[in-house]
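Peer 1: Sharing a structure here in structure tokens format.
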Amino acid sequence: MSEDLHEEISDLDWLAEQGLDIAILRGGQPSTPAPLSPLIAANVDPNAYDRICIAFSGGKDSIALLLHVLELGVPKHKIELHHHLVDGREGSTLMDWPITESYCEEIAKAFGVPLTFSWREGGIEQEMLREQAATGAVFIPDGEGHRRLGGDGPAGTRRKFPQVSADLSVRWCSGVAKIDCFSRYLNNHPKFTQGKTLVLTGERAQESSARSRYQVFEPHRCDLRNGRKVKRHIDVWRAVHAWSEQQVWEIIERWRVTAHPCYWLGWSRASCRACVFGGKDEWATIRAIAPQQFTQIASYEREFKVTIHRKDSVEVRAEQGTPFNTDPYWVELANSQHFNRSVFMEPWTLPPGAYGNGCGPS
């Protein structure tokens, strides 16, 4: 068995131990799908839940989720936005947009809803550099601060970027920096054992054939409503699953919300700035607006002798691409840590990145 394959199997075993359904992580269906009422799936009533927890990236689809539940009349005191800090809070700045955390904070303040954070210790960069060490701990909200969980798992070696794949065993960034962090929060915070929780996530069928097959409504993987000792009633609702991108932008326009700065620079998705799915033009633009980050990524590729794209390095892809025509104002804002403009825009304008090529998971 090759070392790479052994590494992937070890990671899958570890994720399975955390209660994650490996069939889902590989892009398939749950190994033990729960029965689903078609009536409920077609007509979800978020007001029937004690709390609504929105997986909030700051991108257009997660903003649409927030605006949609507000239009459905859900009281703000029931809503919580939850954001994953993919770079962690230990000093890494390798992957994410510097502005994202502040942008999410300002959105939450403007709408009067709480925002919570979780993260993997050291973020994606620490996990990527892991060599005969355990995957970092997870920090989840706990009162006024955060609680550290785990970090004492089996030693292993990564030494490569997440790969461009729908398979989360190799595109491990989503599992390690997002999915597992959220699961740790839902599994370990006592409030989720009280009443019923509805988790909202922003996958849309239009994005890919794989996402088109997702259930619109189902028990969340952390649901334990029939547990003997601990009970957690948690459902997940992909509330904008059937929406077109036009519908997403229409609700954002209706509420006059200023889109994340990355859309104003030409990006069509608000994921990591250095998302492994970035196209040639995105890498050319990163080299132009964030040269230090780009140089560090290129250096890691040479060090690992494994590129993100497998066939081409980020340097080659940047040479093949054309930088977006960026406005210096939005470059400065996207590279800052303080979203110092209004959350609302009047007159509202569609950002240049809308209806772009996507460059996202299949």
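The values are calculated or read from the model by the stated rules, or taken from the named source; none is laboratory data. Keep in mind the model is a prediction, meaning the values are calculated, not measured. All Cβ positions, even for glycine, are placed from backbone atoms using ideal geometry, and neighbour counts span all protein chains on display. Side chains included, ligands, DNA and RNA excluded: accessible areas come from the protein's heavy atoms. Shrake-Rupley method; radii C 1.70, N 1.55, O 1.52, S 1.80 Å.
Peer 1: Find the accessible area per residue for the range 267-352; the probe is 1.4 Å, ligands and nucleic acids are left out, and the unit is Å².
Peer 2: Accessible area per residue: 53 Å².
Peer 1: Turning to a different aspect of this structure: Go through the range 117-127 residue by residue and turn each phi into a ³J(HN,Hα) via Karplus (6.51, -1.76, 1.60, θ = phi - 60°); whole Hz please, and just put x for glycine and proline.
Peer 2: My calculation for the range 117-127 gives 10, 9, 6, 8, 4, x, x, 4, 5, 5, 5 Hz in order.
Peer 1: In Å, the Kirkwood hydrodynamic radius of the range 96-159 over pairs of distinct alpha carbons?
Peer 2: Values: mean 1/r = 0.0736 Å⁻¹.
The answer is 13.6 Å.
Peer 1: Between Arg89 and Arg302, what length in nm is gained on full extension when 0.36 nm per residue of separation is reduced by their alpha carbon distance?
Peer 2: Length difference between fully extended and current span is 74.1 nm.
Peer 1: If you stretched the chain out fully between Met345 and Leu72, how much longer would it get, using 0.36 nm times the residue separation minus the C-alpha to C-alpha distance?
Peer 2: Roughly 96.0 nm would be gained on extension.
Peer 1: Right, next: Have a look at Glu332, Glu131, Glu346 and tell me which one the Gaussian network model of the chain (Cα, springs below 10 Å) gives the largest fluctuation.
Peer 2: Comparing Glu332, Glu131, Glu346 in a Gaussian network model of the chain, the most mobile one is Glu346.
Peer 1: Expected output is a single nm value to one decimal: the length gained when fully extending between Ser209 and Arg147, i.e. 0.36 nm times separation in residues minus the C-alpha distance. What is it?
Peer 2: Between Ser209 and Arg147, full extension yields an extra 18.6 nm.
Peer 1: Assuming 1.306 mPa s and 10 °C, estimate D for the range 84-241 with Stokes-Einstein, Rh taken as the Kirkwood radius over Cα pairs, in µm²/s.
Peer 2: Reported coefficient: 92 µm²/s.
Peer 1: In a GNM of the chain with a 10 Å cut-off on Cα contacts, which of Phe294, Phe217, Phe344 has the highest mean-square fluctuation?
Peer 2: So, out of Phe294, Phe217, Phe344, the one fluctuating most is Phe344.
Peer 1: Another question about this same structure. Only Cα pairs within less than 10 Å get springs; with that Gaussian network setup on the chain, which residue of Ser165, Ser174, Ser209 has the largest fluctuation?
Peer 2: Result for the chain, Cα springs under 10 Å: Ser209 fluctuates most.
Peer 1: Among rounded, prolate and oblate, which fits the range 207-362 when a ≥ b ≥ c are the square roots of the eigenvalues of its C-alpha gyration tensor, a/c under 1.5 means rounded, and a/b larger than b/c means prolate?
Peer 2: Details: a/c = 2.02, a/b = 1.31, b/c = 1.55.
The shape class here is oblate.
Peer 1: With the full set of protein chains in place, find how many percent of the accessible area of the chain is carbon and sulfur; take the probe as 1.4 Å. Walk me through the numbers on the way to the answer.
Peer 2: On the way: 8040 of 16240 Å².
Of all accessible area on the chain, carbon and sulfur atoms account for 49 percent.
Peer 1: Next question. Just to verify a number: what accessible area does Lys76 come out at with the full protein assembly present, 1.4 Å probe, Å² rounded to tens?
Peer 2: Spelled out: Lys76, probe radius 1.4 Å, area about 100 Å².
Peer 1: Rounded to the nearest 5, what % of the DSSP beta bridges within the chain are antiparallel ones?
Peer 2: That works out to approximately 45 percent antiparallel.
Peer 1: So for the chain, Kirkwood radius off the Cα pairs, Stokes-Einstein at 10 °C and 1.306 mPa s: how many µm² s⁻¹?
Peer 2: 75 µm²/s
Peer 1: Can you give the helix-only mean residue ellipticity at 222 nm for the chain, where every DSSP H stretch with n ≥ 4 adds -39500 (n - 2.57) and the sum goes over all residues, rounded to the nearest 500 deg cm²/dmol?
Peer 2: -9000 deg cm²/dmol
Peer 1: Same structure again: Going from the alpha-carbon gyration tensor of the range 153-197, what semi-axes, largest first and in whole Å, does one get by taking the root of 5 times each eigenvalue?
Peer 2: 29, 13, 6
Peer 1: Placing +1 on the Cβ of each Lys and Arg and -1 on the Cβ of each Asp and Glu in the range 138-247, which of Ile234, Thr157, Ser209 has its Cα farthest towards the positive end of the resulting dipole?
Peer 2: The one lying farthest along the dipole's positive direction is Thr157.
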